[in-house]
1. Applying a 10 Å radius around every beta-carbon, put 46-59, 142-155 in order of their mean neighbour count, most first.
2. Please list, in order, the residues from segment 85-120 whose amide nitrogen is less than 16 Å from a point placed 7 Å along the Cα→Cβ vector of residue 134.
3. Can you tell me the convex hull volume per residue for segment 31-179, based on C-alpha atoms, in Å³ to the nearest whole number?
4. What does the extension gain come out to for residue 158 and residue 141, with contour length at 0.36 nm per residue minus their alpha carbon separation?
5. Report the paramagnetic label zone for residue 83: residues of segment 44-77 whose backbone N is under 12 Å from a point 7 Å from Cα along the Cα-to-Cβ axis.
6. So what's the Cα pair-distance distribution over segment 88-175, bin width 10 Å, in %?
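Please treat every number below as a calculation from the coordinates, not as lab data. Every value quoted in this text rests on a predicted model; they were computed, and no experiment measured them. A quick note on method: Cβ atoms are made from the backbone with ideal geometry, for glycine too, and the neighbour counts reach across all protein chains shown.
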């Protein structure tokens with residue numbers, strides 16, 4: 001009897017000690033990121049994102065990602081995604097999504113980055129949207145050595161290869177434009193808008209084509225014609241007045 005009690009106590013103590021020594025299990029990152037070229041300054045790097053589906057009633061439909069510092073949205077392109085999904089650049093990253101996947105089906109998509117920055121790790125904060133409107137925010141970072149409940153996907157980078165140097169920014173990244181912005185003509189490109197409220201006159205007849213726009217456009221001929229015309233008018237008026245006076249005088253007699 002005493003032996004059984006001793007064995008029971010020993011088993012309890014062993015379980016408690018084992019539990020206290022067991023390492024803390026970190027929360028599983030439900031959106032993971034990996035790359036075969038996870039190296040600083042690597043060019044044309046393909047990065048793969050895998051999102052584990054957690055809902056049994058709704059499917060994954062969209063991801064909104066904030067790019068880490070050093071990667072311009074214009075330097076990112078979609079490499080692969082579920083059928084029917086599309087890619088769009090945003091001010092600070094991109095969105096990718098389309099027809100919702102079947103409930104319980106994980107989502108996998110790939111992007112190509114023109115060049116990875118010279119950094120030790122890249123954090124891709126992600127908003128994950130389901131077909132029923134549910135949004136999971138995978139944006140948290142470790143704090144004080146504690147793994148967050150909703151960790152942001154993080155890609156660890158190896159040191160840059162010897163001789164690797166940063167490439168210049170793409171033309172779109174340098175001008176700060178996005179595909180959606182450059183596809184829409186600016187208002188300054190329309191002549192009728194830049195011409196002002198008067199519209200057609202300033203477009204069809206530039207100032208150089210209007211002779212009367214400049215006082216000296218007619219030269220000396222116009223200035224000489226003015227006195228002659230005045231003299232003719234004076235002579236005509238004088239003759240008419242003389243004729244009228246003589247007729248009135250004759251009638252009076």
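1. Going by the mean number of other Cβ atoms within 10 Å, highest first, we get 46-59, 142-155.
2. The answer is 100-107, whose backbone nitrogens lie closer than 16 Å to the label point.
3. Output value, Cα hull per residue: 112 Å³.
4. Length difference between fully extended and current span is 4.1 nm.
5. Correct set: none at all.
6. Here the calculated profile for segment 88-175 is 12, 35, 33, 18, 3.
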